[in-house]
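Reading through the structure tokens given below for one structure.
Throughout, read-outs are computed from the coordinates displayed, never taken from laboratory work. Because the structure is predicted, anything quoted here is derived from the model rather than measured. Cβ sites come from the backbone with ideal geometry, for glycine too, and all protein chains shown count toward neighbours.
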Amino acid sequence: MDAYGHVNNVTQLRLLEEARVRALGSPTHSTDAPTDPGQLGISGTVSGITIPAIFASASETTELLVASHLIEYRRPIPYRAGPIAIDLVISEVKPASVTIGYVIAEPDGSVGYTLAETVIVFVDRTNSRPRRLSQEEKAAMEDVIRPAVPMRGRRR
């Protein structure tokens, strides 16, 4: 919470990270970050679409790194104990990266607070350079690509 009683912008970035890991799987395969959506109390689907666990299925030689975030804070999120909804989409798949889009809103969708995008790059651990997505990785995401979130500050 910030000095004005709102959810702080850095906290919102952490919420986006948590939503991304819960929807796409844990990059560390650790026991404290379960990749089974049932263990997390979420369905493994977003807007009725089953999201592939691309983080959990990445090979041991691949590191998944955040290349960029683009965030638009449309309205302050009032601090409260109740839930907040984060809708997540895979909006673009490039040769070595994936773009994830998010909307933070009230659970009933009545108020939208924040729109965001994160670009995740697949990096080869042996040489620390971006690597191309495999055909299997591309195929796993092909059916779930959705339009990008409607951001005003899009840099494309």
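Among residues other than Pro130 with Cβ under 11 Å from its Cβ, the summed charge is +2 (Lys and Arg +1, Asp and Glu -1). The loop-placed GluC sites (Glu not before Pro) in the stretch 58-128, going by DSSP, that have at most 12 neighbouring Cβ atoms within 10 Å of their Cβ come out as Glu60. Note on Lys138 and Asn8: the model spin-label points, each 7 Å out from Cα along the C-beta direction, lie 4.2 nm apart. Note on Glu72 and Glu106: the extension gain reaches 10.6 nm, defined as 0.36 nm multiplied by sequence separation minus the Cα-Cα distance. Using θ = phi - 60° in the Karplus curve 6.51 cos²θ - 1.76 cosθ + 1.60, the 3J(HN,Hα) couplings for the stretch 133-147 round to 5, 6, 4, 5, 5, 4, 4, 5, 9, 3, 7, 10, 5, 10, x Hz; x is entered for Gly and Pro.
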